[in-house]
1. With a 1.4 Å probe and all protein chains in place, put V106, V170 in order of accessible area, largest first.
2. Which entry is the computed P(r) over Cα pairs in 10 Å bins from 0, in percent for this structure: (i) 10, 37, 36, 14, 4, 0; (ii) 9, 31, 25, 17, 12, 5, 1; (iii) 8, 20, 15, 13, 11, 10, 7, 5, 3, 2, 2, 1, 1, 0, 0?
3. For a paramagnetic label modelled at 7 Å from the Cα of T69 toward its Cβ, which residues of segment 149-178 fall within the zone defined by backbone nitrogen distances under 20 Å?
4. State the percentage of accessible surface on the chain attributable to carbon and sulfur atoms; use a 1.4 Å probe and exclude ligands, DNA and RNA.
5. Nothing charged except the Cβ atoms of Lys and Arg (+1) and of Asp and Glu (-1): what's the magnitude of the dipole of the chain about its Cα centre? Round to the nearest 20 debye.
6. Measuring from centroid to centroid over Cα atoms, what is the spacing of segment 27-51 and segment 144-181 in Å?
7. If you average 1/r over all unlike Cα pairs in segment 113-181 and invert the result, what Kirkwood radius do you get in angstrom?
8. Excluding ligands, DNA and RNA, what is the solvent-accessible area per residue of the chain at a probe of 1.4 Å, expressed in Å²?
Amino acid sequence: NQAGNNNYNAAPEVTATVNAAKADAVITVSPYSVTYDGNAFTSTFTAVGVETSPVDLTGLIDVSATTHTNAGAYIGDAWSFAGNTNYAPVNGTVDNNIDKADAVIVVNAYDVTYDANPHTSIVSATGVSSEALAGLDLSATTHTNAGDYTGDVWTFTDVTGNYNDDNGTVDNNIDKADAVI
């Protein structure tokens, strides 16, 4: 309020309200598309302010719901930015993917002499952490009588959901035995 003088009237009192809107932080959340390796994966992100010298706001972002270990398509993983005095909160989603891995399959054929016992190929399926995997079917590789068994089929059907199914063939042999005369 300005008091007037002889030449001017007094200025009226002025009241002003200033509303400063919160700024939008620059947030980037990156999806991942990887192959299963037994480890957890989380979306990467950046969160910076809009100032001339951008302020690092990474402590205000939560991407914990984007963390996955097992193979699968993860559509709509939620992330959030809490905001603060200067920046508005925001949230969103990101689509992540972990592909199935290939198991290491080792197939050992047999070449034995007939002994009246059934023989089965020795096959192992090993995972990314050197763990033994279940799901092998070797029944088509089992034989008792002498003969050349070309193209015996083995199959691997993953029971964990983290590995690709697989199959192949193996050539086995049982030689004739000498009779005791």
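1. The ordering from most to least exposed comes out as V106, V170.
2. Only one option fits the structure, namely (iii).
3. Zone members listed by number: 158-164.
4. It is 49 percent, rounded to a whole number.
5. Roughly 1020 debye, rounded to the nearest 20.
6. Measuring centre to centre over Cα atoms gives 45 Å.
7. Over segment 113-181, the inverse of the mean reciprocal pair distance is 13.7 Å.
8. 64
The values are calculated or read from the model by the stated rules, or taken from the named source; none is laboratory data. Everything numeric here is computed off the predicted structure, so don't read it as measured data. Positions of Cβ are generated from backbone atoms using ideal geometry, with glycine treated the same way; all protein chains shown enter the neighbour counts. Remember, those area values only see protein heavy atoms, side chains included, never the ligands or the DNA or RNA. Shrake-Rupley method; radii C 1.70, N 1.55, O 1.52, S 1.80 Å.
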